[in-house]
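Reading through the structure tokens given below for one structure.
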Amino acid sequence: MKNPNGNEIIQLFESWSPKKIACMENDPIGLAIGTLNKEITKVLVTLDVNEQVADEAINKGCQLIIAHHPPIFRKLSNLRTDTPAGKLYEKLIKNDIAVYAAHTNLDVAEGGVNDLLADALKLKNREILEKTYNEYLMKLAVFVPDDYADKVRVALSKAGAGKIGNYDSCSFSTNGQGRFRALEGANPFIGDIGEMEKTDEEKIEVVFPHSIKNKVLKALLNAHPYEEPAYDIYTLAVETNIMGLGRIGTLQQPMTLREFAEHVKKSLNVPCVRVVGNTDEIVSKVAVVGGDGNKYIHSAKRAGADVFVTGDMYFHVAQDAQSIGLNIVDPGHHVEKVMIKGVAEKMEQLCLEKKLAVQFIQSEINTEPFIFL
């Protein structure tokens, strides 16, 4: 097992929850405090970063905190250490504890906050509620000598090309003849300088998402025997890697809104919920958005949700939901605490696969500011 530095850990994290899928403008994600250029043996995973969490990280010997809510949400005009925020930052810096924030990118990521909430509520047949990110497929067509076609196909597949749905290594080939003449200064793999050459070749076609274009082209050029490979590359009008905010799915079995509210309380471990709607109404299809989901009530209704689970519901938005016939169960913003266990377990798995010796510790500090009487 290898002792990693912070950059290696975050590179693994971003392979699962990349910054590019964040869906809030100027979302302050990424490294917020400290440096990743150091060896990391212990990481504290938390929903929020406050002084009690900082003390927890110090006491448990953590060099890095991964948080969902950014500790610096607005630009600083000063860094005074006689303010609560400044005192927190000072403590983290003096104890060489880095803080990395994954906010709306973790909401959107597959297996992130909204999937974890849907898991807790035991929703099946899940789909994305609101699409916020997609890429377009690209197609590569390359001409390869017959004897090298398999080598190039394997290299392209290892680079991520040729994946369609639940299938990988997908490609299409046609056979033909290539013609060329090497000029002075060339180093031809086949043929001689100044002579026309004709050779049997295979045209290989594969598709891949735009985000891995450079990786695919590098793999192609490394595997291809020619000094100057001939290839075409173009963008298709086909979306891939579709991601989004919120999830919608169905309950294991229908229940009344009152029963569902109790199910939410138990499943998300909260003492109470706020409910909008007729508590005797039967609900089956559920939409969920972690945190503040006020602006998604119409998305939930259009998607056919009987009930929408989200936090921080505003008074007038609740009235709007009532007017369009959408039931609401508001368990509060703090239910996003499900990410603590989810992120810790996911990162343990990723680091184990890479043989990285690092421990992920689940924060035990309750950062819920409200007391329910």
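The values are calculated or read from the model by the stated rules, or taken from the named source; none is laboratory data. As the structure is a computational prediction, the values presented were derived from the model and not from experiment. Cβ placement follows ideal geometry from the backbone for every residue including glycine, while neighbour counts extend to all protein chains displayed. With ligands, DNA and RNA removed, areas are computed over all heavy atoms of the protein, side chains included. Shrake-Rupley method; radii C 1.70, N 1.55, O 1.52, S 1.80 Å.
State which residue is surrounded by the most Cβ atoms within 10 Å (Cβ to Cβ) when the search covers only the stretch 15-39 and only residues that are closer than 30 Å to K295 by Cβ and among the charged types (D, E, K, R).
Going through the qualifying residues, I end up with D27.
So which residues in the stretch 70-103 are at pLDDT 95 or above and open to solvent by less than 10 Å² (accessible area, probe 1.4 Å), if there are any at all?
Of everything in the stretch 70-103, those that are at pLDDT 95 or above and open to solvent by less than 10 Å² (accessible area, probe 1.4 Å) turn out to be L92, I97, A98, V99, Y100, A101, A102.
Scanning the stretch 280-300 for residues that are under 22 Å from C23 (Cα atoms) and either free of Cβ contacts under 8 Å to residues at least 24 places away in the same chain or over 25 Å from the mean Cα position of the chain (by Cα) (or both), which turns out least open to solvent (accessible area, probe 1.4 Å)?
This residue is N294.
Please indicate, with yes or no, whether at least one residue in the stretch 229-241 is open to solvent by 50 Å² or more (accessible area, probe 1.4 Å) and touching an Asp or Glu at 6+ places or on another chain (Cβ under 6 Å).
Within the stretch 229-241, one or more residues are open to solvent by 50 Å² or more (accessible area, probe 1.4 Å) and touching an Asp or Glu at 6+ places or on another chain (Cβ under 6 Å).
Cβ contacts < 7 Å: first residue more than 17 Å from V45 (Cα to Cα) and assigned to a loop (DSSP other than H, G, I, E, B), restricted to the stretch 65-91; second residue open to solvent by less than 20 Å² (accessible area, probe 1.4 Å) and among the small types (G, A, S), any location; separation 6+ or different chain. Result?
Within 7 Å, the pairs are L79/G86; R80/G86.
Among all residue pairs at least 6 apart or on different chains, which show Cβ distances below 7 Å where the first residue, located in the stretch 148-167, is open to solvent by 40 Å² or more (accessible area, probe 1.4 Å) and the second is in a helix (DSSP H, G or I)?
If the second residue must be in a helix (DSSP H, G or I), the pairs left are K151/A223; K158/A219.
Quick grid of which residues meet (1) in contact with a helix residue (DSSP H, G or I) (Cβ under 7 Å, 6 or more places away or on another chain); (2) acidic (D, E); (3) more than 30 Å from H334 (Cα to Cα):
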site: D192; (1), (2), (3): no, yes, yes
site: M243; (1), (2), (3): yes, no, no
site: T250; (1), (2), (3): no, no, no
site: E259; (1), (2), (3): no, yes, no
site: E281; (1), (2), (3): yes, yes, no
site: V289; (1), (2), (3): yes, no, no
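Which condition number does E259 fail, the rest of (1) surrounded by fewer than 18 Cβ atoms within 10 Å (Cβ to Cβ); (2) closer than 18 Å to S157 by Cα being met?
(2)
Look at I66 and say whether it is closer than 30 Å to Y133 by Cα, out of contact with any Lys or Arg (no Cβ under 9 Å at 6 or more places or on another chain), surrounded by 23 or more Cβ atoms within 10 Å (Cβ to Cβ) and aliphatic (A, V, I, L, M).
When the stated conditions are applied, I66 passes them.
Suppose we filter K124, K42, K139 for residues that are at pLDDT 95 or above, in contact with a Cys (Cβ under 7 Å, 6 or more places away or on another chain) and surrounded by fewer than 21 Cβ atoms within 10 Å (Cβ to Cβ); which single one remains?
K42
Please give the number of the condition G244 fails out of (1) open to solvent by 30 Å² or more (accessible area, probe 1.4 Å); (2) within 30 Å of T104 (Cβ to Cβ).
(1)
Any idea which residue in the stretch 186-217 is farthest from A161 (Cα to Cα), counting only those that are assigned to a strand (DSSP E or B), open to solvent by 40 Å² or more (accessible area, probe 1.4 Å) and touching a residue at least 12 places away in the same chain (Cβ under 8 Å)?
Applying the filter and picking the extreme gives M196.
Can you run down the residue pairs with Cβ atoms below 6 Å, 6 or more apart or on separate chains, where the first is in the stretch 325-347 and over 18 Å from A101 (Cβ atoms) and the partner is at pLDDT 95 or above and of a type in the set (D, E, K, R)?
That search, which allows pairs on different chains as well, returns L326/K301; D330/R274.
Suppose the filter is assigned to a loop (DSSP other than H, G, I, E, B), closer than 23 Å to K215 by Cβ and polar (S, T, N, Q); does S157 pass it?
no
Quick one: count up the residues across the stretch 316-342 that are hydrophobic (A, V, I, L, M, F, W, C) and assigned to a helix (DSSP H, G or I).
Selection size over the stretch 316-342: 7.
Can you go through E51, E110, E56, E90 and tell me which one is of a type in the set (D, E) and within 25 Å of the chain's Cα centre (by Cα)?
Just one listed residue meets the conditions, E110.
Applying the selection to the stretch 301-315, what residues are open to solvent by less than 10 Å² (accessible area, probe 1.4 Å) and assigned to a helix (DSSP H, G or I)?
None - no residue of the stretch 301-315 is open to solvent by less than 10 Å² (accessible area, probe 1.4 Å) and assigned to a helix (DSSP H, G or I), so the list stays empty.
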